[in-house]
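These notes are about the structure you will find just below.
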Amino acid sequence: MSRLDTGISLSTARTSRTHSYERRNSLVSESANAREAGGSGNHKVTVDVKDDDDDVQIISPRSVAQARMAKRNRRRAAAPSSTHMDLELSLGSSAVPSRKASTRASRNAVIDLTVGNDDEVVPLALGKRKAPQVSPEPSKDVQLTCAICMDTMKEETSTVCGHIFCRPCILGAIKSQKKCPTCRRKLTNTNIHRIYLSSGTRLRSVSFGCLFKVLEPSDATFVS
Amino acid sequence: MSSSSPKGLSRIAANRLHKELKEWQVNPPTGFKHKVSDNLQRWIVEVTGAPNTLYENETYYLQVDFPENYPMEAPQVIFTQNPPLHPHIYSNGHICLDILYDSWSPAMTVSSICISILSMLSSSTEKARPVDNDRYVRNCRNGKSPKETRWWFHDDKV
Ligand SMILES: [Zn+2]
Ligand SMILES: [Zn+2]
């Protein structure tokens, strides 16, 4: 019997399972692993990335949930001044507007899609009264956890199969195994691309009126 | 145990193991206990056989040794002391389980390995050694690591 060269010959080994030692539980373990990878922390954002080489769509259920929450809170708290909306669209951050809420804004609203710098919030030209400053937490960037280092994602990088890791982590994984750690797809260094989820690229502040479709968090599209 | 002398953990490996340990302390896999020690590179994990299985209430010990470049490389996982009688577990503690070798992925964790091992135990229908146990153990006599074994894995679904 010869030595096993570490994992690199995986696919051959798996397709040529021939005799002696049986293989068990790999399904169980994979799903267990998926659970580990995806659900190890209850505060983590789940990111679902479509399998598309050029356009990566990020859907954050947490943002949607927050949008619902924000809507509810807004209705309760800011009811008297509902003509004012100071909204911020960002993944994983607080105060995400909902489409429903938008229709309640005054019809003179303007939409400002400029990307502001970090501390600039474009004021709303909606009504006469000043809106109570809905002061969202200083916006945090998307906090994703890398399944390889289990740390906060650094230099988010997507594989062609749509799995996101730190750039150094996925490069290391490709070097040692030549496959995706999550789905085992064969990968080379050219099968990955950097994606940008940070505050620099997000829509900083939006005012809107009935004419405009407001981006739901799930509509946000990131093009690498 | 590995015949090559163990190198220390890389910074990346140590960081990740700290995270795994922390996560384990909050949310250990059912049926497993990590024996507290200062040695981050070798974990001793106590396994208790699941209820209503052949190994109900039996206690076994896993020794998990992490390579320098964990998690890019799989840890070495073996049963110590008296390994359970199981068609995929050799009397020297080596475990025939693909995720420990060819099918390892850096997205797996000690916790997910443990879950797989327990489910392997739980699904057993007979307490017996693998048919080629003696030949295999003889082959490993000079302290070979199971990671040096060339394993073949049947697909149990077939
Ligand atoms: Zn990472
Ligand atoms: Zn993948």
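A few remarks follow.
- For the range B:62-101, a residue qualifies if it is open to solvent by 10 Å² or more (accessible area, probe 1.4 Å), under 18 Å from B:Glu46 (Cα atoms) and more than 12 Å from the chain's Cα centre (by Cα), and the qualifying residues are B:Gln81, B:Asn82, B:Leu85, B:Ser91, B:Asn92.
- Lone qualifier among B:Ser105, B:Ser37 - being open to solvent by less than 10 Å² (accessible area, probe 1.4 Å), part of a loop (DSSP other than H, G, I, E, B) and without any contact (Cβ under 8 Å) to a residue 24 or more places away in the chain: B:Ser105
- Extreme residue, farthest from ligand 1 (Cβ to nearest atom), among residues of the range A:158-195 that are in a strand (DSSP E or B) and within 14 Å of chain B (Cβ to nearest Cβ): A:Lys186
Residues checked against (1) of a type in the set (A, V, I, L, M); (2) within 14 Å of chain A (Cβ to nearest Cβ); (3) part of a strand (DSSP E or B):
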| residue | (1), (2), (3) |
| --- | --- |
| B:Glu20 | no, yes, no |
| B:Gln25 | no, yes, no |
| B:Pro28 | no, yes, no |
| B:Lys33 | no, no, yes |
| B:Trp43 | no, no, yes |
| B:Glu46 | no, no, yes |
| B:Pro51 | no, no, no |
| B:Tyr61 | no, no, yes |
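- Of all residues in the range A:148-160 being in contact (Cβ under 8 Å) with a residue 40 or more places away in the chain and farther than 25 Å from B:Val110 by Cβ, the one that is farthest from ligand 2 (Cβ to nearest atom): A:Glu156
The values are calculated or read from the model by the stated rules, or taken from the named source; none is laboratory data. Since the structure is predicted, the reported quantities are computational estimates derived from the model, not experimental observations. Virtual Cβ from ideal backbone geometry, glycine too; neighbours counted across all protein chains shown. Side chains are part of the model used for accessible areas, which takes the heavy atoms of the whole protein and leaves out ligands, DNA and RNA. Shrake-Rupley method; radii C 1.70, N 1.55, O 1.52, S 1.80 Å.
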